[in-house]
Amino acid sequence: MKTIVCAIQKGGQGKSMLSTHLAFLAAEQGRSVVAVDLDGQGTLTRNLFDGEIDRDASPTLSLFSGTLRQPTTLELPFKLKGSVRVMTGDRRLVQIDETPKIGAEALRDRLGECAAGADLVVLDPPPTLGKRLRAALIAADFVVMPFVPARESVDGLGDLMDTIEEVKRDHNPGLQVVGLLANYQVDEHLSAT
């Protein structure tokens, strides 16, 4: 099992969409994937589910405390060679950041049991430096950083790189930075002028 985290310290950079595409690409290639939505906004969860979601069936919160739940298998209207299972995210995830007794290592310690049999785990943390992003970096084999090439997006990359180096030094020396992924969208209003 390999684990990848899409991390950036600013919202609107395409992190959750990249996580969604990585999960489906791996499943299209015949891999078993577990997608873990660590963001309280639940964007990855909404991207993967069409319609109503029972967020209590496989909440990501259980990866940090309480009874460990298993991921929900996606029922898709099209055929994939592999499969995608999901640990759902919601607002309750803020409890992780607010509870001192929950350590950032908890995710790494419980993820193997939850994702047993998976070829790939895709982690989608919140776009802020906190316990959930740190936990994702501790649990991951690889990190990729999507960003929009604009000053306000690039400014936080140095802090994130410092955090990655700290996590590598103290918790996860095998963490590999895949690199930066520029996510550029042409503004149709500007290009028409």
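A few points about this structure:
- If you go through segment 1-37 and pick out every residue that is in a strand (DSSP E or B) and either within 16 Å of residue 47 (Cα to Cα) or open to solvent by 10 Å² or more (accessible area, probe 1.4 Å) (or both), you end up with 9.
- Taking segment 120-135 as the range and being touching an Asp or Glu at 6+ places or on another chain (Cβ under 7 Å), open to solvent by 20 Å² or more (accessible area, probe 1.4 Å) and closer than 17 Å to residue 21 by Cβ as the test, no residue passes.
- Tally of residues being open to solvent by less than 10 Å² (accessible area, probe 1.4 Å) and either within 16 Å of residue 174 (Cβ to Cβ) or modelled with pLDDT of 95 or more (or both) across segment 136-152: 5
- Residue 75 open to solvent by 50 Å² or more (accessible area, probe 1.4 Å) and closer than 28 Å to residue 159 by Cβ: no
- Some residue of segment 79-86 being closer than 29 Å to residue 184 by Cβ and modelled with pLDDT of 85 or more: yes
- Filtering segment 158-184 to residues that are small (Gly, Ala, Ser) and part of a helix (DSSP H, G or I) leaves only 158.
- Residue match in segment 59-66 (condition: over 27 Å from residue 164 (Cβ atoms) and among the aromatic types (Phe, Trp, Tyr)): no
- Those residues of segment 78-96 which are surrounded by 18 or more Cβ atoms within 10 Å (Cβ to Cβ) and either farther than 20 Å from residue 124 by Cα or not polar (S, T, N, Q) (or both), in sequence order: 82, 84, 85, 86, 87, 89, 90, 93, 96
The values are calculated or read from the model by the stated rules, or taken from the named source; none is laboratory data. Nothing here was measured: the structure is a model prediction, and the numbers come from that model. Positions of Cβ are backbone-derived with ideal geometry, glycine not excepted, and every protein chain shown enters the neighbour counts. The accessibility values were calculated without ligands, DNA or RNA, using every heavy atom of the protein model including side chains. Shrake-Rupley method; radii C 1.70, N 1.55, O 1.52, S 1.80 Å.
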